[in-house]
Amino acid sequence: MLPVLASFAAKSARASSASSAAGAAMPATCKDFWADVPEAPKDPILGITEKFLADSNPQKLNFGVGAYRDDDGKPVVLDCVREAERRIAGKNFMEYLPIGGLKAFCDESVKLAYGEDAKCIKENRVAAVQTLSGTGSCRLMADFMHRFAPNAKCFMPTPTWSNHHNIFRDGGVEIQGLRYYKEDTCSLDYDALLEDINNAPAGSFFLLHACAHNPTGVDPTPEQWKGISEAMLAKSHFAFFDMAYQGFASGDCERDGAAIKIFLDDGHNVACSQSYAKNMGLYGQRIGCFSIVCADEAQKVAVESQMKAIARPMYSNPPLHGAALVNTVLSDPQLKAQWFKEVKGMADRIIDMRGKLREHLEKEAPQRTWNHVTDQIGMFCFSGMTPEQVDKLAEEHSMYMTRNGRISMAGVTSGNVERLAKAMATVIA
Ligand SMILES: Cc1ncc(COP(=O)(O)O)c(C=O)c1O
């Protein structure tokens, strides 16, 4: 039990024995069951949004939120999604989905993740269920591990998306840090990563970001992925890929899924979490897919049945609308081609902003190197700013981001990139 919950349980037990000792003398009042519930710590991202909203400066800027904006800072609905909405509108589809979700959606999703011609798909050995976006997929993985590999630790990069810790902790999985990022060069600590893989107990579980590592934006090269795959195979480790940004990183879904293919080609049976929040802009639809590549078809049937057994008492069955949208897009070659174009458009805008930010920073703050701004990939730029410098950006320039110096590039536009670079130069001077 978490320490805070343990102390709450003890206090509650004391309170209830005191009240029963008082017995009949007590007036009949409603018992206050939740008097000792402590306020939970604020989520770091939501805390930023609150501060941003409270700032009265009309020029304020929010670089905290991980949701795509266009060059005018406006949220975007993709045209392929609008067309899919049009096609499904008015259809008679208000019934429950099965526990595992929309089968056609899952089939399209695993093709996207593992490749149309993947051997594991041809051999019908991929267990897959529809999930509540990437978060829900990761939680299913944690619960699955807890139930069927209860003694395994899950290694995850330091740093990683902060919710990974919450998800695996609440799923009852022991977490261990995996060295990943070198602060002095803002790049991958490949040697340390390999060392940790080699030193982990054989058969350990590793959570890896398939592309666009959050929060650092630092991904291994294809050669490095190959080295990681071989090292993991030698130790019989298991790879769980969290793929929240396929297509959104490089603009090319195939390229962004390359790490998984390298692992499959080497003979790994991996697991994968997919999210359509960023790459299809379906944030609020909560649509994703969780899959495990199994040894054979019989194992797939067993594994998939257990995925459903975990999902059933949590939410019974997943929501329909997002699944229908994604399936409509992915199953129509024309709409799919349009999606590829649109996701590339989003990725290209971010890549372009990285270039502009670097250019301005090299001009405004030449005392530092800024190549990491363009070397990194995906939605986030791990700037190298300290928490104190981030605080100053908020206090003196009304610019908000997480205290680890992570800039959401989605919030950077042609109109604000120079101002951001100038403000960064002032606070790091
Ligand atoms: C690495 C990573 N995994 C998973 C997610 C889950 O996102 P969602 O639940 O919105 O799909 C995110 C979102 O920020 C992420 O960055």
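The values are calculated or read from the model by the stated rules, or taken from the named source; none is laboratory data. Quick caveat: nothing in here was measured; it's all calculated off a predicted structure. Glycine also receives a Cβ, built like all others from the backbone with ideal geometry; neighbour counts cover every protein chain displayed.
Worth pointing out:
- Qualifying residue in the range 138-151 (condition: in contact with a strand residue (DSSP E or B) (Cβ under 6 Å, 6 or more places away or on another chain) and either closer than 30 Å to H372 by Cα or acidic (D, E) (or both)): yes
- Put simply, of G101, G134, G172 the only residue that is crowded, with 23+ Cβ neighbours inside 10 Å and over 27 Å from D265 (Cβ atoms) is G101.
- Looking only at the range 140-190, and only at residues there that are part of a helix (DSSP H, G or I) and hydrophobic (A, V, I, L, M, F, W, C), the one that is nearest to the ligand (Cβ to nearest atom): I167
- Within the range 55-82, the residues that satisfy the criterion of being surrounded by fewer than 19 Cβ atoms within 10 Å (Cβ to Cβ), part of a loop (DSSP other than H, G, I, E, B) and not β-branched (V, I, T) are D55, S56, N57, P58, Q59, K60, A67, D70, D71, D72, G73, K74.
- Residues that are β-branched (V, I, T) and away from the ligand (no atom under 11 Å from the Cβ) number at least 1 in the following strands (runs of 3 or more DSSP E) confined to the range 207-298: 288-293.
- Any hit, the range 352-369, residues being at pLDDT 95 or above, closer than 25 Å to L53 by Cβ and among the aliphatic types (A, V, I, L, M): yes
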